[in-house]
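A short reminder: the numbers here are calculations on the coordinates, not readings from a lab. Since the structure is predicted, the reported quantities are computational estimates derived from the model, not experimental observations. Backbone-built Cβ (ideal geometry, glycine too); neighbour counts: all protein chains shown.
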Amino acid sequence: MPKPQYTQQFRDSWLQDPHLKDWLQAIESTTGRVAKCKFCGTTLRSHYGDLKTHGMSKKHLQNKKLIITQPKIPFKTEPIESKKKDEARLALFTAMHTSIRVIDHLGEVINHSHEKDIKKVQLHRTKCASIIKNVLALHFTEVLKQDLKDQPFSLLIDESTDIAVQKYLGLIVIYFSELYQKFVSTYLDLAELHEFNAEGIVSAIKKTLKRFDLRLENLMGLGTDNASVTVGVNNGVYIKLKEEIPHLILVRCLCHSLQLAVSAAAKEFLPRNLEFIIRETYDWFSRSTSRQLLYKELYKTINDGQKPLKIVQACQTRWLSIESAVSRVYTQWLELKTHFAIAKVHERCHTAELLHSLYANEMNYAYISFLYPILIEINRVNKMFESKDTDHIKLYEELTNLIDMLVCKVTLPTNKVNIFNQNIRGFLDQKCYLGFRFEKQIIEMREKGLPREDEEMMRHRCITFIVSLIEEIKNRLPENLTLMKKISRISVEQALNHNKEALIDIMAQFNKSAEHIARVDDQWHQIHLLKWNETRNTRKFWMEVLQFKDTQGEPRFKELATFAITLLILPHSNADVERLFSSMNVIKNKERNRMKLNLLSAILRIRCCLRLEEKCCNDYKIPEAVVKQIGTKESYQSEMEDYGASKNDSSEEDELI
C-alpha cells in the first residue's frame, strides 16, 4: 500500500520569520489555513521551502519593488467608536448632574476644541434623552437584574406625588450583592399608581417583580410607613401579600413611629406656648433682612463677637422634626428675649410684645429645658435608623436603651419595669429627677418665689409627657422590638459565644424544612470553634463566613451564612425610599414638570447604580457593547410601554428637561 500523503499545516512562527514576515499572511480556506503573498496575491503551499523559493522568485521581487516605491498616503481614519464613547460619556454626565437641555450648548462648546470634523460629537437633547433611556438605563437595569437573580430580598415601599400631581409607588430593594460583595439598598422601580388602594399597590409590586424576573417567594421583608393602606389588619398590602408569602415579615418604619409618638405626647400634655414660640420666632426673622442684622449685632455684643446660628423653621405637625429649631431657641433664649424686649419698643408690634412676654416667662424656659435633652436623644436614635451603614444589632441596643432611659426618668431605681408586660403608671415617682437643666431652672425659680402649686403642675405635665411618650412607643414598636431582638442572636458576639441561643424558632418562622434546620443548627454550634478575622462588624463577619471553604474547596457554613444574611437584609426604616422621593423632586421640578415617567426612572436608575458602584460619570467605564448601541435603531426606540405610557407620546417632554 502507498504511504498516506502528509499535508503540512501553516505555522504562525513563519509570520515572524525575517525572510517571510514582510509579505506573508495566513488566510482561511476549505482545507484550513494557507499561505498567501501580499505582493503577488497568489496562494502558496504551506511548505517552508516553497515559501522561501517564492520569496526569491523574479516575479515576487518585481512586485515588491513596485509596492515599496509607492508613496504611502498619510491618512489615519478615526475610529467611529471614539465618537460614540464621547457621546455616551456626555449623556452619563447629563443624567448625573444637569438638565438634558444643557447638552444643546455643551456639545457645541466641546466641538469648538476639535478642528477636525470627524472628532466632533453630534449630540443634542433628543439624542441625549434617547441614549439615557434606551442605552445607559437599560444597561444598568440589566446589571441589577443579573445581580438580583435568585437572591432573597426585601422591599421598602411608599407613595408620593410629584410636581405634576402624578401618584407614584417608590420601591427600594435590599439584598446581598454577590457582584459587589456587600449589602445593598438601592432603587428598584417607580411605578405609576392608577388605583390608590391595597389592590392597586399589590398589583404594581407584582408587575415590578415580574419585570425584574424576581420570584415572589424570595421576598423576605416588607418595610412600610404606618399608613392603614399598607399595614391594615383586614385589607392592607401586607395582609394581601402574606396570603401568598406566609413567611413575609412586616417592619413598620421606626422613624415614622418615633415621630408620631413624640408628636402625640407633646400635643396632648405640653403647653401650646412652646410651639407658638418656635413658629413665630422663625416667622419674625424669615422675611426681614433688617431684623436679622439687628439680632446679629445684638448677639455679637452679648457673646463677644460670635455669630448666631440661624433660627430654622419647624414642621407644624411633627415635633421630632423641630429638634433643631428647639435647640436654636434654647441655646439663644437670653439673646432672643433681649431682642424682643427692644423690638416691642422700637417697632410697637403686638407680635413682638407677645413673644417678649413668652420669653420672659421662666416657666416656658423650664419646659424647653426639659424637652431639649429628650428631643436630642430621640433624634440621635432616629438618625441611626435613617443611616445606611448602621449595624442592625446595635440598633436594637440603642432602641432598648432609649426606652430604658425614658422609664428610669419617671420611676424609682429599685423598680424594674417592663413596659410591654406592666403598666408604668403604677410605678411612677412624682418627685423624680427630670434632668440637670430642668432642675437647675426650678431651683432658680424657687429662689424668685415660684409657688409650690406651679412647680407641682410643671412636674406633673413633664412626667405625664414622658409616660404618654412611653405608651405611644409601646403601642407602635412591639413588633419591631421582637423582631430586632431575634436578629440580635446572629451578632458576631453571640455567634462566637459558647453559650448561645438556638436559631430554631427563627428558622421555623421562615418555613424552613426540618432537614435544613438541622444543618443550620449543626453549623451554628460549630462556628465558634474556628478563628475568624472579622470579629467586630456583624455584616462583615457573615460575609467572611459565607466565603469560608474547607480543605476540599466546599463552603462549610453555606446554609448558616445564607440564613444569617437573610435576616440582615430585613429593613429597619423607610429612610431610603424617602431619599428616593427627594431625588425624584430634584429631577422633576417646577421647571421640568412635563418629564415623563420613563425618562425620570432612567435618570434615577443611572444615579442610583453609579452611587452603588461608588463611581461617577468621570471614572465609570462604559462597556464596549453598550457604546456600540449608540446610533442604532434600538437606541431610538421608546420603552414607554414598559412604564404604561403611550407610544404616541411625543418628545414634548424634552422641551424643558
Fill in the blank from the handout: Of all DSSP beta bridges with both partners in the chain, the antiparallel percent, nearest 5, is 80 percent
Exercise for the section: Along Cα→Cβ, 7 Å out, is where each label goes; now give me the distance between the ones at SER228 and ILE27 in nm to one decimal. Expected result: 8.3 nm
Handout entry: For the stretch 15-77: rounded, prolate or oblate by the Cα gyration tensor [a/c cutoff 1.5]
Key = oblate
Handout entry: Inter-centroid distance (Cα atoms) of the stretch 84-156 relative to the stretch 379-427, Å
Key = 48 Å
Completion exercise
Karplus ³J(HN,Hα) for the stretch 373-386 (6.51 cos²θ - 1.76 cosθ + 1.60, θ = phi - 60°; Hz, whole; x = Gly/Pro) runs x, 5, 5, 4, 5, 5, 5, 5, 5, 4, 5, 5, 6, 7
Exercise for the section: Kindly state, as a whole number, the per residue volume in cubic angstrom of the convex hull around the alpha carbon atoms of the chain. Expected result: 306 Å³
Handout entry: Computed [θ] at 222 nm, deg cm²/dmol, the chain (DSSP H ≥ 4; -39,500 (n - 2.57); rounded to nearest 500)
Key = -16000 deg cm²/dmol
Completion exercise
From the cross-link list LYS133/LYS615; LYS512/LYS540; LYS83/LYS133; LYS596/LYS633; LYS242/LYS474; LYS242/LYS409, the entries with a Cα-Cα span beyond 28 Å are LYS242/LYS409
Problem - Net charge of neighbours whose Cβ lies under 14 Å from the Cβ of LEU216, counting Lys and Arg as +1 and Asp and Glu as -1 - result: +2
Completion exercise
FRET efficiency for LEU293 and ASN361 from the Cβ-Cβ distance with R0 = 30 Å, rounded to 0.05, comes out at 0.65
Practice task
Could you run the Debye sum over the Cα atoms of the stretch 468-507, one equal point scatterer each and no solvent, and tell me log10 of I(q)/I(0) at q = 0.14, 0.28, 0.30, 0.32 Å⁻¹, two decimals?
Solution key: -0.43, -0.91, -0.99, -1.06
Problem - the stretch 544-563-the stretch 165-243 distance, computed between alpha-carbon centres (Å) - result: 31 Å
Completion exercise
Restricting to aspartates and glutamates and to Cα separations under 14 Å from LYS448, and discarding same-chain partners fewer than 8 apart, the set is GLU362
Exercise for the section: Please give the contour-minus-distance gain from SER387 to HIS460: 0.36 nm per residue of separation, less the Cα-Cα distance, rounded to one decimal in nm. Expected result: 22.7 nm
Practice task
Working from Cα positions, state the angle (0 to 90°, nearest 10) between the long axis of helix 198-211 and the longest principal axis of the chain.
Solution key: 30 degrees
Practice task
Straight distance only, please: which lysines reach the Cα of LYS300 with their own Cα at less than 25 Å, same-chain residues fewer than 8 apart left out?
Solution key: LYS310, LYS337, LYS344
Handout entry: Degrees separating the helix 478-487 axis from the principal Cα axis of the chain, which is the longest one
Key = 50 degrees
Completion exercise
Among LYS167/LYS590; LYS210/LYS590; LYS182/LYS590; LYS206/LYS558; LYS240/LYS416, the pairs whose Cα-Cα distance exceeds 28 Å are LYS210/LYS590; LYS182/LYS590; LYS206/LYS558; LYS240/LYS416
Fill in the blank from the handout: Ordering 615-627, 271-283 by per-residue average of other C-beta atoms within 10 angstrom, highest first, gives 271-283, 615-627
Problem - DSSP-loop GluC sites (Glu not before Pro) across the stretch 510-562, with at most 15 other Cβ within 10 angstrom - result: GLU534
Problem - Label-to-label distance, nm, for residues given as ASP104 and ASN423 (7 Å Cα→Cβ offset) - result: 7.1 nm
